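Here the structure is laid out as structure tokens; the discussion comes afterwards.
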Amino acid sequence: MGDSNPTPRTSVHQALGGGKVADVLLWRKWSGGVVLLVSATTLWYLFERAGYNFLSFVANVLLLLVVILFFWAKSASLLNRPLPPLPNLEISEKTVGRVADELQVWINYVLSIAHDIAIGRNLKLFLKVAVGLWLVSYIGSLFNFLTLVYVGVILSLSVPLIYDKYQHHIDEKLSVTHRIIQTQYRKIDETVLRKLPLPSNKEKKMR
């Protein structure tokens, strides 16, 4: 008899990295989630509703911070009090290397997609990219950038939590939806895409 145990599912916490970010997004650390939500809401209100200028706001905040730290350090030296507890303000080479490696992976992935579309004449991939870019353009026309970022923060604090609670039911619905989309895509592929004339490699080289 074979093993009939189902394959264990990856938890949402593990899929999000299993670290502090996952704890915040799943509201396992309420303080982090509340701080992120309140901060995002405050910034969105200041720049969208109250009409604050982003550059002026950042400059004023930095100016206030510098003034506080300067007078704190001066008063500490006069009153024999401890200096402001500032961390080591530098970026390590390890962090820079990690960020560079991550950027390299994403840039190479984008370039490989561009290569498949331009050189490989991958029509299916071209249609997927075109539809995706059109959706991004359409959504971007409905909101400005700041509102779009704020909506993204709200979704990041709600969607993972909802999916974590109702993962089984959502997976079933997504599986049914995926099968329907695959069926419709095969029909379009057989009736339309495969009938489109595409130049062969020999024709392209001769050109």
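The values are calculated or read from the model by the stated rules, or taken from the named source; none is laboratory data. Given the structure is predicted, the values throughout are model-derived calculations rather than measurements. These accessible areas exclude ligands, DNA and RNA; they are computed on the full protein's heavy atoms, side chains included. Shrake-Rupley method; radii C 1.70, N 1.55, O 1.52, S 1.80 Å.
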Output wanted: per-residue J couplings in Hz (rounded whole) for region 34-51, from phi through Karplus 6.51 cos²θ - 1.76 cosθ + 1.60, θ = phi - 60°, x for Gly and Pro. 5, 4, 5, 5, 5, 5, 5, 5, 5, 5, 4, 5, 4, 8, 8, 9, 7, x
Using a 1.4 Å probe, how large is the accessible area of LEU63, given in Å² and rounded to the nearest 10? 100 Å²
For ARG49, ARG28, write out the residues from largest to smallest accessible area, computed with a 1.4 angstrom probe and no ligands counted. ARG49, ARG28
Apply the a/c threshold of 1.5 to the C-alpha gyration tensor of region 144-195 and tell me whether it is rounded, prolate or oblate. oblate
Given the whole protein assembly as supplied and a 1.4 Å probe, what does the accessible area of TRP72 come to in Å², nearest 10? 110 Å²
With a 1.4 Å probe and all protein chains kept in place, how much accessible area does ILE162 have, in Å² rounded to the nearest 10? 90 Å²
Counting only protein heavy atoms with a 1.4 Å probe and every protein chain in place, the carbon and sulfur fraction of the accessible surface of region 97-178 in whole percent equals 73 percent
In percent, what relative contact order does the chain have, based on Cα pairs under 8 Å that are 6 or more apart in sequence? 32 percent
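What does the accessible area per residue of the chain come to in Å², with a 1.4 Å probe and no ligands, DNA or RNA counted?
Numbers: 17320 Å² over 207 residues.
Here the per-residue accessible area is 84 Å².
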Against the longest alpha carbon principal axis of the chain, how many degrees, from 0 to 90 and to the nearest 10, is the axis of helix 123-142 turned? 40 degrees
Enumerate the calculated ³J(HN,Hα) couplings along region 144-153 in order (Karplus 6.51 cos²θ - 1.76 cosθ + 1.60, θ = phi - 60°), each rounded to whole Hz, writing x wherever the residue is Gly or Pro. 7, 4, 5, 5, 5, 5, 5, 4, x, 5
